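Novice: The following block contains the structure, expressed as structure tokens.
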Amino acid sequence: MERFKICVAVHLLIIKDNKILLERSINPDKNLYGKLTIPSGHIKAGENVVEAMKRKAKEELGIDLKEFDLVQISNVNGFSDIYDCYYFLCKDYDGEITNTQPDYTSKLEWHPLDKTITNILEYQGYALEKYLENPNLSFTLYGWDK
């Protein structure tokens, strides 16, 4: 019998001056077009989540992460797959934040954390909301029947 496989993704929270960096997606895959998303991506085979986060920060934003902390893991019952999502809070980086994937992201946007962020990808918005409510809450569930 084949074992069940779970998808793993990493997400980078960059917060500065009470604003969070989000991407405006133009990726038509999985209903993402026009949505705001936290910079994120899948891990590759043989790669751990820390390596994946460093790679995604470089690929999507053009920055080299110097210091970042794991702040939340979210188990998500998604569109067609189940995901374990790792959320890292960026504390320091080298380089200038740039949209390095214009085929997938129309622009990068800073959104105030004291206002409701509309049109954000639902599971990411939920994880962000839970993190802001309680930064010590290290695990969440999303999309599962209660």
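Values quoted throughout were computed directly from the atomic coordinates according to the rules given, and no laboratory measurement underlies them. Since this is a predicted model, take the numbers as computed values, not measurements. In this analysis, Cβ positions are derived from the backbone assuming ideal geometry, glycine residues included, and neighbour counts consider all displayed protein chains.
Novice: With both partners inside region 7-142, how many of the DSSP beta bridges are antiparallel, as a percent to the nearest 5?
Specialist: On the way: 26 of 38 bridges.
Bridges in region 7-142 that DSSP calls antiparallel: roughly 70 percent.
Novice: Tally Lys and Arg at +1 and Asp and Glu at -1 over the other residues with C-beta under 15 Å from the C-beta of K54: what net charge comes out?
Specialist: On the way: positive: K44, R55, K56, K58, K66, K91; negative: E47, E51, E59, E60, D64, E67, D69, D92, D94.
The answer is -3.
Novice: Still on this model: Between the DSSP loop rule and a limit of at most 16 other Cβ atoms within 10 Å, which GluC sites (Glu not before Pro) in region 53-146 are left?
Specialist: Working: sites: E59, E60, E67, E96, E109, E122, E129, E133; in loops: E96.
Passing both the DSSP loop test and the Cβ count: E96.
Novice: Here's another thing I want to ask about it. How big is the charge dipole of region 15-146 about its Cα centre, in debye rounded to the nearest 20, if each Lys and Arg gets +1 on its Cβ and each Asp and Glu gets -1 on its Cβ? All intermediate terms of the calculation are to be shown ahead of the outcome.
Specialist: Working: 16 positive and 22 negative charges, 34 e Å.
Approximately 160 debye in magnitude.
Novice: Give me D for the chain in µm² s⁻¹, whole number, from Stokes-Einstein with Rh from the Kirkwood sum over alpha-carbon pairs, 37 °C and 0.692 mPa s.
Specialist: Details: Rh = 15.7 Å.
Value of D from the Cα-based Kirkwood radius: 210 µm²/s.
Novice: Let me ask something else about it. Which residues does a label at I82 reach in region 5-26, if reach means a backbone N under 11 Å from a point 7 Å past the Cα toward the Cβ?
Specialist: Under 11 Å, as judged by backbone N against the label point of I82, lie 5-7 of region 5-26.
Novice: For the chain, set up a GNM with springs between Cα atoms under 10 Å and report which of G46, G34, G62 has the largest fluctuation.
Specialist: G46
Novice: Which of rounded, prolate or oblate describes region 1-79 when judged by the alpha-carbon gyration tensor and an a/c cut-off of 1.5?
Specialist: Numbers: a/c = 1.79, a/b = 1.26, b/c = 1.42.
Note, shape of region 1-79 comes out oblate.
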